[in-house]
Structures are given as structure tokens and as C-alpha cells.
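Below is one structure, written out as C-alpha cells; comments come after it.
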Amino acid sequence: DWSLIVKQGKQKKKPTEQLIATNVAINELEERKRRAKNVIIYGVAESANANIEMKSKDDESKVKEIFKIIDQENVIPKFIRRLRSKTDKPGPILVELTEDFLRNKILGSAKKSRSRFNGSTKVTRFQS
């Protein structure tokens, strides 16, 4: 009911409640800022290697190859991590970049270069 929401909004919050609400808002903004540097790559086959370090290196080389295909080989990721898949498809790759403007540069290049990818590979922004 709208009237209850208005009444609750007019009530003064206790200082501890205000502090908690402020901290939640700050944490949310920091999380969004951090995620603004992320790119997700779908459809990249997972390595058959049993060694975790080798799988990670394979993912790194595949990301570099994709960046080369979209003419962004000079972009160096901060870190690369394979996420778990909820289906039988390979898990997506999370790529965190050093700056958020690089994400837009990569996404724009990936969109222009879409015809160069195999049918299953897709580069997209990280959505919360």
C-alpha cells in the first residue's frame, strides 16, 4: 500500500540504520564500478587438460586469440577466469580489464568483427 510506504519514508531512521543503508549503497556503487571493467566471453571450448594451471593458460591464450581477431591485441587483461557452466555448454570466461573504457572498446570491436567468430563465440558485458 502506497500510504504505508509514504508514512515509513517520513519516519526518521536511527543513526545505525542510516549508517547501514549508506554502507550498502556505497558497496553497491563500488561493485558496479568494479564490474564496469568486466567482459564475458561465451562459447569458448574448455581445455581437456587435467592440470588447473594449464587450463588457465589455455583460456588466457584463447582470450588473446579472440582479442587478436577483433583487432584489440594490445589490450592486456588484469585477470582471466573461467566461470562454471550451469548447462552442458562450456563455461563462460570472465575477463577483467584494467580500465572501464577498454570494455567499451572491446565490445565495439567484437560487434564489428562478429562475422569472424565461429557461430558459438559471443563477447558481452558483465551484467549484474
Note: R32 to E99 extended length (0.36 nm per residue) minus current alpha-carbon separation gives 22.8 nm
Highest mean packing first, using Cβ neighbours within 10 angstrom, the peptides 51-62, 91-102 sort as 91-102, 51-62
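Take each of the peptides 38-45, 66-73, average the number of other beta-carbon atoms within 10 Å over its residues, and list them starting from the highest. Please report the intermediate quantities before stating the final value.
Numbers: 38-45: 18.5, 66-73: 16.8.
Ranking, from highest mean packing down: 38-45, 66-73.
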A chain fully extended from K68 to S115 at 0.36 nm per residue, minus the present Cα-Cα distance, gains in nm 15.5 nm
Shape descriptors of segment 23-113 over alpha-carbon atoms, Rg and Dmax in angstrom, are 14.3, 43
Taking a crude spin-label model, label points 7 Å out from Cα along the C-beta direction, the I76 to M54 distance in nm is 2.7 nm
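Read-outs: derived from the displayed coordinates by stated rules, not from any lab. No experiment lies behind these values; they were computed from the predicted model shown. Neighbour counts run over all protein chains shown; Cβ positions are idealised from the backbone, glycine included.
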